[in-house]
Amino acid sequence: MKRSSRARIGATATVSVLSLALITGCGGGSDDDSKESGTSKESSASSESTTSAAKALGAAELEKLLLAKGDAAGYQADDGDDTLPKAKSEVKTDKAECAPLAHAMAGLAPGDTDASASNTLTKSPEATGSPDASSLETLNVSMTFVGLSSYDGDGAEKALKAVSDGIAACSGGFTITAQGETQKITKVAAGKASGKGDQSVAFSVGSDMDGEGTATFNTEVVRAGNAVSTYYSVDFASLDSGKAAPVPAAVVDAQLAKLK
C-alpha cells in the first residue's frame with residue numbers, strides 16, 4: 001500500500017468518519033492463520049441448554065458491557081464511538097451469505113438481531129490519549145473495533161454458524177457498499193480461532209486498496225453464552241509492510257471477563 005493511502009485511512013479513523021475503505025481495509029486474519037480451522041470446538045451440552053433459555057439484552061445494556069477506560073491495560077477505550085456504523089442498513093453486500101462477515105467487520109451483530117453496541121480500543125505506546133491525524137504516520141498505533149450483540153435462545157450459536165458458513169461461501173470475495181462507497185474484498189479465508197469463550201471463529205480478508213495493492217486483515221467472532229463479541233484490528237505502522245495485525249488477545253480477554 002502506498003503511503004498516501006495509509007495517511008488517508010489514518011486520518012479518516014481519527015476524525016471518527018469510518019469510510020468503507022477503513023471498514024474493509026482494516027481487519028481480517030494472516031496468511032498463515034488461513035490454513036487453520038476457522039471455528040473452535042462446539043460448546044458442551046450443558047452450555048447449549050443454558051443458552052437455549054437465554055433472553056437477549058438490549059442496546060443500552062450492551063453499551064454498559066462494552067470495554068471502558070481502564071478495562072484493558074494498555075488500551076484506550078473510546079466512549080460513545082461514532083467511527084462504526086450503527087445499523088445493518090448502512091452496510092450492504094452483493095452476496096447475502098457474506099453479510100455476516102461484513103457486519104462482524106463493522107462492529108455490527110453478525111446474527112439475527114438489530115440490537116448491538118460498538119467501540120474502538122486504541123493502543124499507542126508512543127503517545128498518551130487518542131492519536132490525531134498528524135501523528136498517525138509516525139506512531140505505532142493499533143486499533144481494534146469491538147462489537148457486542150445478544151440473542152434469544154440459540155441465536156448466538158446461529159450467528160457463529162452464519163459467520164463460519166460465510167467464510168466458505170465467500171472465499172472468492174465479495175463487494176461491500178456503505179456510506180455511498182463500494183469496497184472490493186478479493187478473498188476470504190479461515191483464520192486460527194483463539195478458542196476463547198464457548199465458541200470462536202476467525203477469518204481473514206484480502207481488500208483491494210483503491211488500486212494501490214491488496215491488504216490482508218483479521219477478524220475474530222467469539223460467543224460467550226448468548227452474547228457475541230466481534231474484533232476487527234488494524235495496525236497503522238504495519239500497513240506498508242503488508243503484514244496483517246492480529247486480534248489482540250488482551251482485548252478479547254478483557255471483553256470476555258466483562259461479559260461474565
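Worth a mention:
- When residues of the range 227-258 are limited to those that are in contact with a helix residue (DSSP H, G or I) (Cβ under 8 Å, 6 or more places away or on another chain) and at pLDDT 95 or above, the one farthest from LYS161 (Cα to Cα): LYS258
- Residues that are outside any loop (DSSP other than H, G, I, E, B) and charged (D, E, K, R), drawn from the range 168-207: GLU181, LYS184, LYS187
- Selection of the range 153-183 for residues being without any contact (Cβ under 8 Å) to a residue 40 or more places away in the chain, in contact with a Ser or Thr (Cβ under 9 Å, 6 or more places away or on another chain) and farther than 25 Å from LEU256 by Cβ yields GLY172, GLY173.
- Some residue of the range 78-90 being at pLDDT 90 or above and of a type in the set (A, V, I, L, M, F, W, C): no
- Odd one out for ASP152 among (1) assigned to a loop (DSSP other than H, G, I, E, B); (2) among the acidic types (Asp, Glu); (3) modelled with pLDDT under 95: (3)
- Test result for GLY129, assigned to a loop (DSSP other than H, G, I, E, B) and either within 17 Å of the chain's Cα centre (by Cα) or at pLDDT below 95 (or both): yes
- Scan the range 214-229 for residues that are in contact with a Ser or Thr (Cβ under 9 Å, 6 or more places away or on another chain) and over 18 Å from THR175 (Cβ atoms) and the total you get is 10.
The values are calculated or read from the model by the stated rules, or taken from the named source; none is laboratory data. What you are looking at is a predicted structure, and each value in this text was computed from that prediction instead of being measured. In this analysis, Cβ positions are derived from the backbone assuming ideal geometry, glycine residues included, and neighbour counts consider all displayed protein chains.
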